[in-house]
1. If you take the square roots of the eigenvalues of the alpha-carbon gyration tensor of the chain and sort them as a ≥ b ≥ c, do you get rounded (a/c under 1.5), prolate (a/b over b/c) or oblate?
2. Thr168 versus Val25, label points 7 Å from Cα toward the beta carbon: distance in nm?
3. Using only the alpha carbons of region 1-115, what is the convex hull's orientation-averaged projected area in square nanometres?
4. Can you compute the charge dipole magnitude of the chain about its Cα centre, using +1 on each Lys and Arg Cβ and -1 on each Asp and Glu Cβ, nothing else charged? Give it in debye, rounded to the nearest 20.
5. Under 10 Å, Cα contacts only: if you run a Gaussian network model on the chain, which one of Phe162, Phe177, Phe150 comes out with the highest mean-square fluctuation?
6. If we count every other residue with Cβ under 14 angstrom of Gly30's Cβ, Lys/Arg +1 and Asp/Glu -1, where does the sum land?
7. Per residue of the chain, what 222 nm ellipticity follows from adding -39500 (n - 2.57) for every DSSP H run with n ≥ 4, rounded to the nearest 500?
8. By Kyte-Doolittle mean hydropathy of at least -0.5 and Cα axial length of at least 24 Å, which whole DSSP H helices of the chain are selected?
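What follows draws every value from the coordinates through simple rules; no lab data is involved. Nothing here was measured: the structure is a model prediction, and the numbers come from that model. Quick reminder, even Gly has a Cβ in these numbers, built from the backbone with ideal geometry, and neighbours come from all protein chains shown.
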Amino acid sequence: MFLSVAVIFVAVVVVLFLLVLLWGVGSYNGLVAARARFQNAFAQIDVQLKRRYDLIPNLVETARGFMRHERETLEAVVAARNQASSALEALSANPMDPASIQSLLKAEKGLGGVMGRLMAVSEAYPELKANQNMMQLTEELTSTENKVSFARQGYNDAVTTFNVALKTFPTVLIASFLGFQEAALFEVKEAAEKEAPKVSFS
């Protein structure tokens with residue numbers, strides 16, 4: 001009788017251990033998958049921002065031929081573009097770093113401001129507005145801005161899913177022990193920053 005009770009007890013302990021182990025493995029795999037989804041979503045932002053940063057020098061060079069007296073504005077655009085590109089590169093090395101996300105958002109705000117200034121100044125140059133190359137570049141920039149917005153939304157959705165999974169009971173009991181940390185959203189907090197730089201020459 002004593003032996004059968006001991007066997008049952010051991011069996012229950014083994015079953016409980018296996019259940020906890022399976023739950024732990026499942027929770028870990030779920031967090032890894034969620035983290036991979038938001039890292040992949042960040043890669044989409046990375047691609048679109050790099051495309052935009054590649055288009056801006058072409059836009060500046062085209063404008064330079066018409067806007068000879070606007071050197072300061074053109075140089076400000078190039079400097080802001082370089083700063084944003086450097087901030088993106090730093091963030092790409094560690095997409096989970098909240099400070100790097102804030103640095104990129106600040107650089108993007110600066111770039112948006114000088115791009116807006118460039119477009120406002122360019123209104124005084126009808127030949128530039130009518131230039132086929134300039135029209136094509138601004139159209140590509142506008143399209144890329146839209147893709148950046150969609151990519152940012154996808155990233156934020158994936159980060160939110162990851163963060164919720166991280167805080168959900170009982171996963172929250174092991175998440176920090178396994179080295180998982182909350183990810184930062186790629187969000188634009190000020191209304192002025194939410195507006196993409198205006199690049200229309202219509």
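1. Working: a/c = 4.65, a/b = 4.04, b/c = 1.15.
Note, shape of the chain comes out prolate.
2. According to this spin-label approximation, the distance is 2.0 nm.
3. Values: hull surface 36.2 nm².
If you wrap the Cα atoms of region 1-115 in a convex hull and average its projections, you get 9.0 nm².
4. 240 debye
5. Phe177
6. That works out to +3.
7. -28000 deg cm²/dmol
8. Values: long enough: 2-64 (93 Å, 1.01); 71-93 (33 Å, 0.12); 98-122 (36 Å, 0.50); 132-167 (52 Å, -0.52).
Correct list, ordered by number: 2-64, 71-93, 98-122.
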